[in-house]
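Engineer: Can you read through this structure? Questions will come right after.
The values are calculated or read from the model by the stated rules, or taken from the named source; none is laboratory data. Note that the structure is predicted; figures quoted are calculated from it, not measured. Reconstructed Cβ throughout: ideal geometry from the backbone, glycine too, with neighbour counts over all protein chains shown.
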Amino acid sequence: MRTVRSLLLRLWPALLVAVGCSTPFHAVPTPASFVELGKTRFDFQALSADGAVLVGRQIKPTKPATLAYWSEVVREELVKTRGYQVAAEEKVQARDATGTRFLCTAMREGTEYVYLLALFVRPDGGVLTVEAGGKKAALERHRQEIDAFIAALFVR
């Protein structure tokens, strides 16, 4: 009995996806200080009381590409289009995949904002991102929860 229970506890995120949770983001509990917003233009979106936003997206490109390719695309978008400075770019680990995490900063009207983007590429070529943004102080308060959310994701 203990073995069956142990197995079910380890498999529950995958089981949730299989029985109707539409995205990998819904197979992981929403961080405690965030409230999921329900149906939005994103696959997953949650907001904290102090204005930090957590977003999950799944993208199915018409042609598969590597993590290195998508990392370059993201870097270009963040710096050249959105005006962020990349403060750090490092490996990030989800439950079953390694990706790239970008930590970016920008000043807007005298306030420092932080934007975090974790990028993963699936074996089928699909792209999964977790993005978090907000004022620097708010995002720093939630950083541990955001990192735990990313680490718990099943990407594949």
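Engineer: Looking at Glu36, Glu76, Glu90, can you tell me which residue is farther than 19 Å from Ala152 by Cβ and at pLDDT 90 or above?
Structural biologist: Numbers: Glu36 fails: farther than 19 Å from Ala152 by Cβ; Glu90 fails: farther than 19 Å from Ala152 by Cβ.
Only one candidate passes the filter, namely Glu76.
Engineer: So, in the stretch 51-61, of the ones that are touching a helix residue (DSSP H, G or I) at 6+ places or on another chain (Cβ under 7 Å) and over 17 Å from Phe120 (Cβ atoms), which residue ends up surrounded by the most Cβ atoms within 10 Å (Cβ to Cβ)? Reasoning before the result, please.
Structural biologist: Just the residues of the stretch 51-61 that are touching a helix residue (DSSP H, G or I) at 6+ places or on another chain (Cβ under 7 Å), to begin with: 51-52, 54, 56.
In the following step, the residues that additionally are over 17 Å from Phe120 (Cβ atoms) were identified as 51-52.
On the way: Gly51: 12, Ala52: 26.
Going through the qualifying residues, I end up with Ala52.
Engineer: Would you pick out the residues in the stretch 90-112 that are surrounded by 15 or more Cβ atoms within 10 Å (Cβ to Cβ) and not in a strand (DSSP E or B)?
Structural biologist: Ala94, Arg95, Ala97
Engineer: Within the stretch 109-156, can you find the residues that are among the acidic types (Asp, Glu) and touching a residue at least 60 places away in the same chain (Cβ under 8 Å)?
Structural biologist: As a first pass, look at the stretch 109-156 and keep what is among the acidic types (Asp, Glu): 109, 112, 124, 131, 140, 145, 147.
Within the stretch 109-156, Asp124, Glu131, Glu145 meet the criteria.
Engineer: Take the stretch 32-49 and flag every residue that is among the hydrophobic types (A, V, I, L, M, F, W, C) and in contact (Cβ under 8 Å) with a residue 40 or more places away in the chain.
Structural biologist: Quick first cut of the stretch 32-49, residues among the hydrophobic types (A, V, I, L, M, F, W, C) only: 32, 34-35, 37, 42, 44, 46-47, 49.
Selection gives Ala32, Phe34.
Engineer: Would you check which residues across the stretch 60-105 are β-branched (Val, Ile, Thr) and in contact with a Pro (Cβ under 9 Å, 6 or more places away or on another chain) and list them?
Structural biologist: So in the stretch 60-105, the residues β-branched (Val, Ile, Thr) come out as 62, 66, 73-74, 79, 81, 86, 92, 98, 100, 105.
Selection gives nothing.
Engineer: Next question. Any chance the stretch 62-81 includes a residue that's outside any helix (DSSP H, G or I), surrounded by fewer than 14 Cβ atoms within 10 Å (Cβ to Cβ), touching a Phe, Trp or Tyr at 6+ places or on another chain (Cβ under 9 Å) and touching a residue at least 24 places away in the same chain (Cβ under 8 Å)?
Structural biologist: no
Engineer: Same structure, new question: Looking only at residues that are charged (D, E, K, R) and either modelled with pLDDT of 95 or more or under 11 Å from the mean Cα position of the chain (by Cα) (or both) in the stretch 113-139, which one is surrounded by the most Cβ atoms within 10 Å (Cβ to Cβ)?
Structural biologist: Going residue by residue through the stretch 113-139, those that are charged (D, E, K, R) are 122, 124, 131, 135-136.
Next cut, either modelled with pLDDT of 95 or more or under 11 Å from the mean Cα position of the chain (by Cα) (or both) only: 131, 135-136.
Details: Glu131: 18, Lys135: 16, Lys136: 14.
The selected residue is Glu131.
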